[in-house]
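Undergrad: Starting off with a structure, shown below.
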Amino acid sequence: MHEEAPVWWLRVKQAAERGAEVIVLNVRPTRLDKYATRLVHYAPGKTLETALYLLNAAKVETSGIGELEYAAETVLNAKNVVAFYGSEGVTYDETDTLARILGNLLQLKNENGETHVGRVNNGLIAVWPHNNTQGAWDMGIHPALGPGYKPLKTTGLSAGEIYAGAASGAVKALYVMAADPVGDGLMHGRGKLDFLVVQELFLTETAQAADVVLPAQSWAERDGTFTNGERRVQMYYPAITAVGNSQPDWRILAQIAEKLGLGNVPFAASLVFKKQIAKAVRPYKKMDYATLSKVEKQFPDVGGEDLYYGGTSYENKNGLGEQWASTAESKNVGMFELPEIGISKPTSKLPIIRASALYTSGIMLNQTELLKPRMAQPVLHLNMADAQRLQIASGTKLRVKYNDKAVELTAHVNGHAPAGVAVMRGVPYEAGVLDAVIESLS
């Protein structure tokens with residue numbers, strides 16, 4: 001978590017230091033292990049099986065046979081429970097199932113007859129990869145759900161299906177916004193696309209392959225909102241003058257919509273656009289400039305003039321934002337249906353998972369000289385036993401092949417990987433447990 005969500009990592013760490021019980025379930029060791037009261041390391045591919053075992057153990061009285069039984073007992077006896085879940089070593093479909101399992105776990109009643117949903121200091125939080133991933137979901141950036149999570153009559157394609165369709169020719173045209181699938185290795189060139197449009201800040205590898213490139217403004221050149229993983233909507237304002245003829249993303253899309261006969265562009269201000277969002281997305285219904293820009297006294301007194309030193313941050317004068325209420329706060333959501341959960345068995349001799357890094361090479365960070373020394377380098381962490389079996393020494397240059405891709409990495413033989421699994425870091429995101437081939441370049 002310290003690489004994926006540093007702010008949450010610090011809050012969990014501080015909660016542990018104040019006496020909170022922390023349960024950690026993961027394939028590999030992480031910094032959070034040090035603060036765990038219950039720690040379970042499971043084999044790669046067994047994330048869902050482990051979570052389901054925890055749920056089933058919590059449903060019945062247990063006398064505490066192992067760590068998972070103790071963990072289940074801890075959850076049942078707790079007054080408040082917050083569950084974080086990430087995506088390391090699981091596929092997109094598996095993360096959905098994992099959320100359902102944990103959602104059912106939180107709905108079990110504790111000894112006071114209370115569940116852990118719909119109450120303050122309780123709930124489920126997805127460790128999203130970006131600061132506005134939650135906001136994108138809220139707006140309907142999803143193959144099966146529209147704005148406000150309204151089910152669509154016709155289901156679209158997932159990201160993986162889109163990339164596969166571009167390669168096979170099944171997808172004829174593609175519109176890419178704020179993403180570089182070619183540069184990230186998710187697409188091999190433009191594939192068999194007939195038409196490619198890219199809306200971007202930079203001339204990325206995907207943009208270089210496009211038929212049309214639409215220059216978009218960065219967040220620093222416009223106003224807007226971010227919605228974080230705690231469902232808090234926060235406003236931001238322009239910090240610099242817009243570069244060249246670039247325009248906000250929403251205005252570019254609105255102009256295209258106008259050309260398609262879908263209505264006039266609200267050029268007057270983004271205020272009109274925000275009102276349309278509030279109308280279409282139920283959780284945002286009562287939000288406006290006044291509610292989002294409201295400021296209240298905060299502690300610590302960051303930026304204040306008293307003797308307390310609150311750091312180098314500035315006083316918040318732009319608003320604390322507003323958190324939209326979860327469904328569980330107003331009604332009983334009921335237990336989630338779970339699909340049949342099979343046991344994933346990697347076929348390679350050494351399965352690989354991709355671990356997140358706070359700073360990974362990309363078109364945005366590559367422009368920043370200050371961050372270059374902190375950029376995660378492409379490495380493959382190996383356990384000593386596995387390295388000896390494969391005859392790989394620390395520092396060896398490797399080529400790892402998986403999913404029709406190949407990346408070059410440097411071997412690091414240390415304690416960052418448990419026996420029987422390798423951990424890949426400093427490379428673009430790859431979901432699930434990878435059946436890979438490791439070749440030495442030395």
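Undergrad: Please work out the FRET efficiency for the pair residue 388 and residue 359, using the Cβ-Cβ distance as r and a Förster radius of 25 Å; give the result to the nearest 0.05.
TA: Computed FRET efficiency for residue 388 and residue 359: 0.20.
Undergrad: How many angstrom lie between the C-alpha centres of the stretch 99-167 and the stretch 192-265?
TA: The two parts, judged by their Cα centres, are 24 Å apart.
Undergrad: Based on C-alpha coordinates, I'd like the Rg and Dmax of the stretch 375-419, in Å.
TA: 10.7, 30
Undergrad: Okay, which of the stretch 165-180 sit inside 20 Å, backbone N to the point 7 Å along the Cα-Cβ direction of residue 154?
TA: 165-166, 169-176
Undergrad: Per Stokes-Einstein, at 25 °C and 0.890 mPa s, what whole-number D in µm² s⁻¹ belongs to the chain, with the Kirkwood radius over Cα pairs as the hydrodynamic radius?
TA: Approximately 100 µm²/s, per Stokes-Einstein.
Undergrad: Provide, as a two-decimal number, the C-alpha radius of gyration of the stretch 352-440 over 2.2 N^0.38 Å, N being how many residues it has.
TA: 1.09
Undergrad: Below 24 Å, Cα to Cα, which lysines can residue 405 reach? Residues fewer than 8 away in the same chain don't count.
TA: Reachable lysines: 172, 192, 345, 349, 397.
Undergrad: Where does the stretch 6-126 land on the Kirkwood hydrodynamic radius, alpha-carbon pairs, in angstrom?
TA: Hydrodynamic radius (Kirkwood, Cα only) of the stretch 6-126 equals 14.7 Å.
Undergrad: Given the pairs 109/331; 150/279; 46/109; 150/275, which span a C-alpha to C-alpha distance of over 20 angstrom in this model? It would help to have the intermediate numbers written out before the result.
TA: On the way: 109/331 16 Å; 150/279 13 Å; 46/109 26 Å; 150/275 18 Å.
Violating the 20 Å limit, Cα to Cα: 46/109.
Undergrad: Still on this model: Hey, could you get me the Stokes-Einstein D for the stretch 137-213, Kirkwood radius over alpha-carbon pairs, 25 °C and 0.890 mPa s, rounded to whole µm² s⁻¹?
TA: On the way: Rh = 13.1 Å.
After rounding, the answer is 187 µm²/s.
Undergrad: HN-Hα J couplings of the stretch 230-237 from phi, Karplus 6.51/-1.76/1.60, θ = phi - 60°, integer Hz, Gly and Pro as x?
TA: Result, rounded to whole Hz: 8, 6, 8, 8, 10, 8, 9, 10.
Undergrad: What fraction of the DSSP beta bridges in the stretch 177-247 is antiparallel, stated in percent and rounded to the nearest 5? Please report the intermediate quantities before stating the final value.
TA: Values: 4 of 10 bridges.
Of those bridges, close to 40 percent are antiparallel.
Undergrad: Same structure again: Grab the alpha carbons of the stretch 62-209, take their convex hull, and tell me the volume per residue in Å³.
TA: 155 Å³
Undergrad: Kirkwood hydrodynamic radius (Cα pairs, Å) of the stretch 68-128?
TA: For the stretch 68-128, inverting the mean 1/r across all distinct Cα pairs yields 12.2 Å.
Undergrad: Right, next: Looking at the chain, which longest stretch skips every one of the trypsin sites (Lys or Arg not before Pro) that is in a DSSP loop with at most 13 other Cβ atoms within 10 Å, leaving the sites themselves out?
TA: Maximal segment without exposed cleavage sites: 350-442.
Undergrad: On to the next question. For the chain, what is the mean residue ellipticity at 222 nm derived from helices alone (per DSSP H run of n ≥ 4: -39500 (n - 2.57); sum divided by total residues; nearest 500 deg cm²/dmol)? Mind showing how you got there, number by number?
TA: Numbers: 11 runs with 104 residues, N = 442.
After summing the helix terms and dividing by the residues of the chain, the value is -7000 deg cm²/dmol.
Undergrad: Out of all DSSP beta bridges with both ends in the chain, state the antiparallel percent to the nearest 5.
TA: Given both bridge residues lie in the chain, the antiparallel proportion sits at roughly 45 percent.
Undergrad: Now, a different point. So if I take the centroid of the Cα atoms in the stretch 34-58 and the same for the stretch 314-368, what is the distance between those two points in Å?
TA: Cα centroid to Cα centroid, the span is 18 Å.
Undergrad: With labels modelled as points extended 7 Å from the Cα through the Cβ direction, what inter-label distance (nm, one decimal) is found for residue 441 paired with residue 7?
TA: Placing both labels 7 Å along Cα→Cβ, they lie 3.7 nm apart.
Here, each number is a calculation from the coordinates, and none is a lab measurement. Because the structure is predicted, anything quoted here is derived from the model rather than measured. Virtual Cβ from ideal backbone geometry, glycine too; neighbours counted across all protein chains shown.
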